[in-house]
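The structure appears below as structure tokens.
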Amino acid sequence: MAIAATEPTSVRSFGPGTALSCRECGQRYELTPKFACEFCFGPLEVAYDFGTVTREEIESGPNNIWRYRSLLPVPTNVAELPNMNPGLTPLVRADRLAAELGFDSLHVKDDSGNPTHSFKDRVVAIAVEAARTFGFTTLSCSSTGNLAGAVGAAAARAGFESCVFIPAGLEEAKVVMAAVYGGKVVAIDGNYDDVNRFCSELIGDPVGEGWGFVNVNLRPYYGEGSKTLAYEIAEQLGWRLPEQIVIPIASGSQLTKIDKGFQELIKLGLVEDRPYKIFGAQATGCSPVAKAWEEGHDVIQPVKPDTIAKSLAIGNPADGPYVLDIAKRTGGSVEHVGDDEVVDAIRLLARTEGVFAETAGGVTTGVLRKLVREGRIDTKAETVVLNTGDGLKTLNAVDAGVTATVKPTLAAFTAAGLA
Ligand SMILES: Cc1ncc(COP(=O)(O)O)c(C=O)c1O
Ligand SMILES: [Zn+2]
């Protein structure tokens, strides 16, 4: 039910969250499992009443995303509830990569260290709290792979049933990770966009009753988890926003929420208000947002994905138009690189910084290098590139193996020219 803008909600288990607000028309709703505006079909997101939040309060919190609980729609005792406790992943000072690409100051935010080895643990952790509050018994999602693993694990820890939906043909590691936690894993004969459409049908059907689809009917809550990447990066830079950041795009939610996180930090006075540029990154084989950017359109023409970057293979990205707005507003852009460049960039990041990225991290690093090559990013500005997943999930993307196989003798080792 729509509520007046000033009317407080009676539900207090959402911490500072006060309402859902339509991104398009501003109409406000109670905090329920609702994701689209009744008036204009715009996406709903959580609105807050933050009060005062200090750096000291955050710094004295737990070493995971719950240190930012006063900026998230979660109960105040969230850190005591059974969940995966993701976050506070390393911001790697990438001096060797910086030297290779010509940057003065470059960092890699390496989110492969989360419990199920991708940034998806952040978004799922928030959705789980919403699912608990709404009394859902089954946790579900449509996924390009990483989300399925994160949902399976979080459901197991928090005591939900789980049933996740993926397109057939995903990387083996992602399928095994999704299945090992004991929930159902359903492969759909189609691409991600078909999976997502099917899940939207399920929530409207008695079959899906009691099911919390983390990225469909719980999407407004789920999306807020990505803000923690913005908070961490700022805190890890010594409470400063980076001047430039490169972010991968699948649905575009992560990019829009990192921007929301930066804006909140500025409004709360937790960081200085200085300009930052956001660059979006896609693989050429699934680059509807980059294509719209190139052609100067503000609508996204859906595509059929064909790329090794399967985690980013969403042909009809829900948040695409907002990504275009943010790139324009901040002075960034949206770029794409081909699969060969993705593989090359995975190797570059591994060789220079010891960070083994999944294909999504190859996309961001590849885009970063392309921007330098084409002189379209400022190499003097403080820059962050995201690695959102672990290379062990996409092993087949890279061809790497032993240097040589030799007998266990010094003679054999030297004869092979290895000494
Ligand atoms: C590893 C990885 N990085 C980035 C993304 C992009 O997420 P979003 O849909 O928020 O754009 C995904 C989405 O599945 C992912 O798996
Ligand atoms: Zn609306």
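The values are calculated or read from the model by the stated rules, or taken from the named source; none is laboratory data. Note that the structure is a prediction, hence the values are computed from the model and not measured. Because the Cβ atoms are built from the backbone with ideal geometry, glycine has one as well, and the counts that use them run over all protein chains shown. Surface areas here come from the heavy atoms of the whole protein model, side chains and all, with no ligands, DNA or RNA. Shrake-Rupley method; radii C 1.70, N 1.55, O 1.52, S 1.80 Å.
Largest first, how would 319, 205, 49 line up by accessible area (1.4 Å probe)?
Numbers: 319 15, 205 65, 49 110 Å².
The most accessible residue leads, giving 49, 205, 319.
For the residues 79, 150, 313, a GNM of the chain with alpha-carbon springs under 10 Å puts the largest fluctuation on 79.
Taking 25 Å as R0, compute the FRET efficiency from the Cβ-Cβ separation of residue 34 and residue 304 and round it to 0.05.
Working: r = 30 Å, r/R0 = 1.22.
Efficiency computed from Cβ-Cβ geometry: 0.25.
If you sort the three axes of the alpha carbon gyration tensor as a ≥ b ≥ c, you get a/c of 1.5 or more for segment 236-286 and a/b above b/c, which makes it prolate. Quick check: from the Cα gyration tensor, does segment 119-219 come out rounded (a/c under 1.5), prolate or oblate? Judged from the Cα gyration tensor, segment 119-219 comes out oblate (a/c at least 1.5, b/c at or above a/b).
Overall, the accessible surface of the chain at a probe of 1.4 angstrom is composed of carbon and sulfur to the extent of 51 percent. By the scheme Lys and Arg +1, Asp and Glu -1, what is the net charge of all other residues having a beta-carbon under 14 Å from that of residue 52? Local net charge: -2. For the chain, DSSP calls about 35 percent of its internal beta bridges antiparallel. The Kirkwood radius of segment 17-74, taken over pairs of alpha-carbon atoms, gives through the Stokes-Einstein law at 37 °C and 0.692 mPa s a diffusion coefficient of 257 µm² s⁻¹. What the pair-distance distribution of the chain shows, using all Cα-Cα distances binned every 10 Å from zero, is 5, 23, 33, 25, 9, 3, 1, 0, 0 percent.
Nearest-5 percent of antiparallel DSSP beta bridges in segment 119-219? If you can, show how the numbers build up before the last one.
Numbers: 0 of 13 bridges.
Once the DSSP bridges in segment 119-219 are tallied, antiparallel ones form about 0 percent.
Annotation for segment 373-419 versus segment 324-339: alpha-carbon center distance of 28 Å.
Take the alpha carbon gyration tensor of segment 238-383, find the square roots of its eigenvalues, order them as a ≥ b ≥ c, and report rounded if a/c is under 1.5; if not, report prolate when a/b exceeds b/c, else oblate. Before the final figure, lay out the partial values.
Details: a/c = 1.76, a/b = 1.20, b/c = 1.47.
Here segment 238-383 falls in the oblate category.
Would you mind counting up the charge near residue 292? Only other residues with Cβ under 14 Å from its Cβ, with Lys and Arg at +1 and Asp and Glu at -1.
Details: positive: 291, 328; negative: 294, 295, 298, 319, 325, 335.
Value of the local net charge: -4.
The listed residues 200, 251 rank as 200, 251 when sorted by accessible area, largest first, using a 1.4 Å probe. Given DSSP loops and a limit of at most 13 other Cβ atoms within 10 Å, what is the longest stretch of the chain that contains no such trypsin sites (Lys or Arg not before Pro)? Result, exposed sites excluded: 13-375.
Spatial offset of segment 140-208 relative to segment 69-127 amounts to 22 Å, using the alpha carbon center of each.
Could you please report the charge total around residue 21, scoring K, R as +1 and D, E as -1 over all other residues with beta-carbon less than 9 angstrom from its beta-carbon? Could you put the intermediate results ahead of the total?
Working: positive: 23, 28; negative: 45.
Every neighbour counted, the sum reads +1.
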